[in-house]
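Below: one structure, written as structure tokens.
Every number here is computed from the coordinates shown, using simple stated rules; none is lab data. All values derive from a computational prediction rather than experimental measurement. Neighbour counts are summed over all protein chains in view; Cβ atoms, including those assigned to glycine, are modelled from backbone coordinates with ideal geometry.
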Amino acid sequence: MLLDTASLYFRAFFGVPDSVQAPDGTPVNAVRGLLDFISRLVDEYQPTHLVCCWDNDWRPQWRVDLIPSYKAHRVVAVRPGDTPDIEEVPDPLQVQVPVILEVLEAFGIAVVGADHYEADDVIGTLATGAGMPVDIVTGDRDLFQLVDDAAEVRVLYTARGVGKHEKVTEHTVVEKYAVLPQQYADFATLRGDNSDGLPGVAGVGDKTAASLLLSYGDLAGVRAAAADPDSALGPGPRSKIIAAADYLDVAPTVVAVARDIDLGERNHALPSDPADTEALAALAERWGLSSPVERLTGVLAAR
């Protein structure tokens, strides 16, 4: 089980009342919510391995260099040099992120990130060639490109909440978007995505993008048809594809999830007992997390 961790703790922050606080008044609603999400998911799916995938760089410069608008609307401050820009994150959530990391470490739950890469890229790498069934837990549709029935990779999509998540398989992607999962990145490139600052091809929406991919297979095929005056591609879509050439030269690299990052060697097995019971007890007391810590401890022990 691969968790898009930021996706989950953002959801927890906005879904759990901010009245949930530590004894000193520090908000801990995101911490509590994330722990309860993990308890629910582990209890329901009984994974043998679990990784909290991390955004070491939520807006990698190499993606920005290709498409400057990439996630630009979320930037609140630009850092000089090789340091990630600062993302717009509510202060009451920002103070909880270090607590989340401490609690996960005390449990012995693997947290994996990679410099210059997003959590999506870590997920893509771990899901590719995992050698076991993989459940990806996320509210991000970009990860639909990783769905693979033959490799037993699916997405547990949390857009409507963790308790109401949807199991996304190849059939689901085809039913929703009329494209195969392996076409989804090209589909997203063509139609764009405002939430990520991807402009897409002007005048091409979901239906046109799906129709083009149905006819020509992939983005390379669509572009080849646009360049071929003898192809059956209509004048409207043809002119739009040709006009977007500069964007289409670079967007696929931005949209595609990396699958070959060097993440080193690490044990991703989900423990049955906390790695550091004393540290976990101290954290539970300090931050008022006794109930969610006890709940997750019990779920882990019962596997």
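What whole-number distance in Å separates the alpha-carbon centres of the range 1-49 and the range 142-196?
Between the Cα centres of the range 1-49 and the range 142-196 lies a distance of 23 Å.
Calculated from DSSP H runs of 4 or more alone, at -39500 (n - 2.57) each and per residue, what is the 222 nm mean residue ellipticity of the chain, nearest 500? Numbers along the way, then the final one.
Details: 14 runs with 138 residues, N = 303.
That calculation yields -13500 deg cm²/dmol at 222 nm.
Sorting TYR9, TYR45 on the 10 Å Cβ count, fewest up front, what's the list?
TYR45, TYR9
Could you size up the charge dipole of the chain around its Cα centre, putting +1 on the beta carbon of Lys and Arg and -1 on that of Asp and Glu, and report it in debye to the nearest 20?
Charge dipole of the chain: 900 debye, to the nearest 20.
Sort 268-276, 134-142, 221-229 by the packing proxy (mean of other Cβ within 10 Å over each peptide's residues), most packed first.
Sorting 268-276, 134-142, 221-229 by mean packing, highest first, produces 134-142, 221-229, 268-276.
Would you mind checking which residues have amide H under 5 Å from HIS49's amide H? H placed 1.01 Å from N; only 5 or more apart, or other chain.
LEU270
Non-local amide H neighbours of VAL134 (under 5 Å, H modeled in plane, Pro and chain starts lacking H): which ones?
Residues meeting the amide H criterion: VAL153, ARG154.
Neighbouring Cβ atoms within 10 Å as the yardstick, rank THR125, THR83 fewest first. Could the numbers behind the result be given before it?
Working: THR125 22, THR83 10.
Final ranking by Cβ density, sparse to dense: THR83, THR125.
Can you tell me what share of the DSSP beta bridges in the chain is antiparallel? A percent to the nearest 5 is fine.
Numbers: 9 of 22 bridges.
Of all bridge pairs located within the chain, approximately 40 percent are antiparallel.
Which net charge results when you count Lys and Arg as +1 and Asp and Glu as -1 among the other residues whose beta-carbon is under 14 Å from that of GLY131? Let's see the in-between values first.
On the way: positive: none; negative: ASP148, GLU152.
Result for the neighbourhood of GLY131: -2.
Could you please rank ASP65, ASP206, ASP24, placing first whichever residue has the fewest other Cβ atoms within 10 Å of its Cβ?
So the residues, fewest neighbours to most, are ASP24, ASP65, ASP206.
Averaging sequence separations of C-alpha pairs under 8 Å and six or more residues apart, then dividing by the length of the chain, give the relative contact order as a whole percent.
24 percent
Cross-link partners among aspartates and glutamates for LYS240, C-alpha distance below 20 Å, same-chain residues fewer than 8 apart left out?
Partners within reach: ASP186, ASP193, ASP206, ASP218, ASP228, ASP230, ASP249.
What does the charge add up to near VAL147, with Lys and Arg as +1, Asp and Glu as -1, over the other residues with Cβ less than 9 Å from its Cβ?
-2
Net charge near ALA110: determine it from the other residues with C-beta under 14 Å of the C-beta of ALA110, scoring Lys and Arg +1 and Asp and Glu -1.
-1
Is any helix in the chain, taking whole DSSP H runs, at least 20 angstrom long along its axis by alpha carbon and on average at least -0.5 on the Kyte-Doolittle scale, and which ones?
29-45
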